[in-house]
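Notes for the one structure printed next.
The values are calculated or read from the model by the stated rules, or taken from the named source; none is laboratory data. Quick caveat, the model's predicted, so the values are computed rather than measured. Glycine also receives a Cβ, built like all others from the backbone with ideal geometry; neighbour counts cover every protein chain displayed. These area figures cover heavy atoms from the full protein model, side chains too; ligands, DNA and RNA do not enter into them. Shrake-Rupley method; radii C 1.70, N 1.55, O 1.52, S 1.80 Å.
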Amino acid sequence: GGGVAQLVAVGLGLFKLLATASSLPFIDSAGRRPLLLLGVGGLTGALVLLGFAAYSMSSGVTTLVGMPVAYASVGALLLYVASYQISFGPISWLIVGEVFPLASRNAALACATLTNFGSNAVVALVLPAVQSSLGESGTYFLFATFAVAAWLFIQSSVPETKGKTLEEIERELGGEGQ
């Protein structure tokens, strides 16, 4: 009933808090890009595993990676949550605050926030149609493809800002005097 759902929600919230807290000491020592790449790699793996789990369940298969499909699904979900919490969760907001020149930082942060929440709204709006069209497993595989694209973008285009002042970052990105 409602008690179990509330317990799961609180447990998941605590798990997210612990995952985020565990990444904080490494943001400045390991760097932003490595944590983003690690986290997005974990997201990708979790989404692929969820895709196979959904496909397995729809096909009547009861085990995946040597365990019941339900357990594999819960493990993949927890991997997804932890991966998000050590990467996109805290780091995307940190980098956005670092890479824009001071002269346009407020407007740029507003645009980034609008883009983030607007993207969330679009996903929520189109998800039922995507699930209806691709099925549950196909939807997970589609999102895994987006995660691969995000990983490639981070690898090729996101600068490392670890240990740099805002002024140094602005100079390196060509924002000085613009």
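When you go through Leu38, Leu24, Leu102 one by one, which is the residue that is more than 26 Å from Gly138 (Cβ to Cβ), open to solvent by 70 Å² or more (accessible area, probe 1.4 Å) and at pLDDT 90 or above?
After ruling out the rest, the residue left standing is Leu38.
Return the pairs, sorted by first residue and then second, in which the second residue is in a helix (DSSP H, G or I), the first residue lies in the range 5-20 and is β-branched (Val, Ile, Thr), the beta carbons are less than 7 Å apart, and the residues are 6+ apart or on different chains.
Partner pairs satisfying both residue conditions: Thr20/Gln85; Thr20/Gly89; Thr20/Pro90.
Just name the residue that is modelled with the lowest pLDDT out of those in the range 167-177 that are of a type outside the set (Asp, Glu) and out of contact with any Pro (no Cβ under 6 Å at 6 or more places or on another chain).
Gly177
Return only the number of the condition from (1) surrounded by fewer than 18 Cβ atoms within 10 Å (Cβ to Cβ); (2) at pLDDT 90 or above that Ala54 does not satisfy.
(1)
Exactly one of these conditions fails for Lys164: (1) outside any helix (DSSP H, G or I); (2) modelled with pLDDT of 95 or more. Give me its number.
Failing condition for Lys164: (2).
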